[in-house]
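Undergrad: Here it is: the structure, laid out below.
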Amino acid sequence: QVQLVESGGGLVQAGGSLRLSCAASGVAFSRVVMGWFRQAPGKEREFVATIGWGGVATRYAESVKGRFTISRDNTKNTVFLQMSSLKPEDTAVYYCAASNLWDLRSESGWYNYWGQGTQVTVSS
């Protein structure tokens with residue numbers, strides 16, 4: 001059974017940083033594309049970033065490019081999202097997701113497995 005467990009969310013002031021982690025189990029981690037999505041209150045879930053198997057290929061939403069960095073450690077079955085220069089509009093529940101289809105896609109339907117999410121709140 002595949003499990004994705006996010007951690008690292010919290011409350012931070014605008015301009016601050018947070019690092020999210022997502023630990024995976026029950027999946028061949030080095031053979032899945034990993035992604036981060038977020039959902040703010042009253043809004044649809046949106047793509048944030050995705051990373052390929054080897055950790056080299058990445059893709060970002062325009063709204064976070066230059067501020068967020070996605071990475072992975074295949075020896076620890078974990079994907080990370082380093083978030084810097086946070087803004088109040090980054091406030092959302094952040095979800096990690098896994099896809100066993102090779103492509104760096106932004107569509108949520110591309111991903112097979114999802115975590116429960118972790119809350120990130122950025123105060124102004």
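Undergrad: Any residue at all in the range 89-97 that's outside any strand (DSSP E or B) and open to solvent by 50 Å² or more (accessible area, probe 1.4 Å)? Reasoning before the result, please.
TA: Restricting attention to the range 89-97, the residues satisfying the condition of being outside any strand (DSSP E or B) are 89-91.
Imposing the further condition that a residue be open to solvent by 50 Å² or more (accessible area, probe 1.4 Å) reduces the set to 89.
Yes - at least one qualifying residue is present in the range 89-97.
Undergrad: Here is a further query. Touching a strand residue (DSSP E or B) at 6+ places or on another chain (Cβ under 8 Å), outside any strand (DSSP E or B), free of Cβ contacts under 8 Å to residues at least 60 places away in the same chain and more than 20 Å from residue 5 (Cβ to Cβ) - does that describe any residue in the range 26-40?
TA: Yes; the residues of the range 26-40 include at least one that is touching a strand residue (DSSP E or B) at 6+ places or on another chain (Cβ under 8 Å), outside any strand (DSSP E or B), free of Cβ contacts under 8 Å to residues at least 60 places away in the same chain and more than 20 Å from residue 5 (Cβ to Cβ).
Undergrad: Continuing with this model, one more query. Within the range 41-59, track down each residue that is touching a residue at least 60 places away in the same chain (Cβ under 8 Å) and open to solvent by less than 60 Å² (accessible area, probe 1.4 Å).
TA: At the first step, the residues of the range 41-59 found to be touching a residue at least 60 places away in the same chain (Cβ under 8 Å) are 45, 47.
The answer is 47, and nothing else.
Undergrad: Give the residues of the range 69-88 that are surrounded by fewer than 18 Cβ atoms within 10 Å (Cβ to Cβ), closer than 20 Å to residue 123 by Cα and either without any contact (Cβ under 8 Å) to a residue 40 or more places away in the chain or within 10 Å of the chain's Cα centre (by Cα) (or both), sorted by residue number. Give the steps one after another, and end with the answer.
TA: From the range 69-88, those surrounded by fewer than 18 Cβ atoms within 10 Å (Cβ to Cβ) are 69, 71, 73-76, 82, 84-85, 87-88; that's our starting set.
If we keep only those that are closer than 20 Å to residue 123 by Cα too, we end up with 82, 84-85, 87-88.
82 - this is the single residue of the range 69-88 that is surrounded by fewer than 18 Cβ atoms within 10 Å (Cβ to Cβ), closer than 20 Å to residue 123 by Cα and either without any contact (Cβ under 8 Å) to a residue 40 or more places away in the chain or within 10 Å of the chain's Cα centre (by Cα) (or both).
Undergrad: Since residue 21 meets every condition but one in (1) more than 10 Å from the chain's Cα centre (by Cα); (2) surrounded by 15 or more Cβ atoms within 10 Å (Cβ to Cβ), which condition does it not meet?
TA: The number of the failed condition is (1).
Undergrad: Can you name every residue in the range 1-17 that is among the aliphatic types (A, V, I, L, M) and open to solvent by less than 30 Å² (accessible area, probe 1.4 Å)? Reasoning before the result, please.
TA: So in the range 1-17, the residues among the aliphatic types (A, V, I, L, M) come out as 2, 4-5, 11-12, 14.
Across the range 1-17, the qualifying residues are 4, 12.
Undergrad: Would you confirm, using the coordinates I've provided, whether residue 66 is at positive phi, open to solvent by 20 Å² or more (accessible area, probe 1.4 Å) and in contact (Cβ under 8 Å) with a residue 40 or more places away in the chain?
TA: On the way: at positive phi: yes; open to solvent by 20 Å² or more (accessible area, probe 1.4 Å): yes; in contact (Cβ under 8 Å) with a residue 40 or more places away in the chain: no.
Spelling it out, it is not the case that residue 66 is at positive phi, open to solvent by 20 Å² or more (accessible area, probe 1.4 Å) and in contact (Cβ under 8 Å) with a residue 40 or more places away in the chain.
Undergrad: Is there a residue being modelled with pLDDT under 95 and among the hydrophobic types (A, V, I, L, M, F, W, C) anywhere in the range 2-24? Walk me through how you get there before you give the answer.
TA: The first filter runs over the range 2-24 and keeps only residues modelled with pLDDT under 95, leaving 2.
After this cut, where a residue has to be among the hydrophobic types (A, V, I, L, M, F, W, C) as well, the list is 2.
Looking for residues that are modelled with pLDDT under 95 and among the hydrophobic types (A, V, I, L, M, F, W, C), one finds at least one in the range 2-24, hence yes.
The values are calculated or read from the model by the stated rules, or taken from the named source; none is laboratory data. Predicted model only: the values in this text are computed from it and were never measured. Please note: Cβ atoms are built from the backbone with ideal geometry, for glycine as well, and neighbour counts cover all protein chains shown. These area figures cover heavy atoms from the full protein model, side chains too; ligands, DNA and RNA do not enter into them. Shrake-Rupley method; radii C 1.70, N 1.55, O 1.52, S 1.80 Å.
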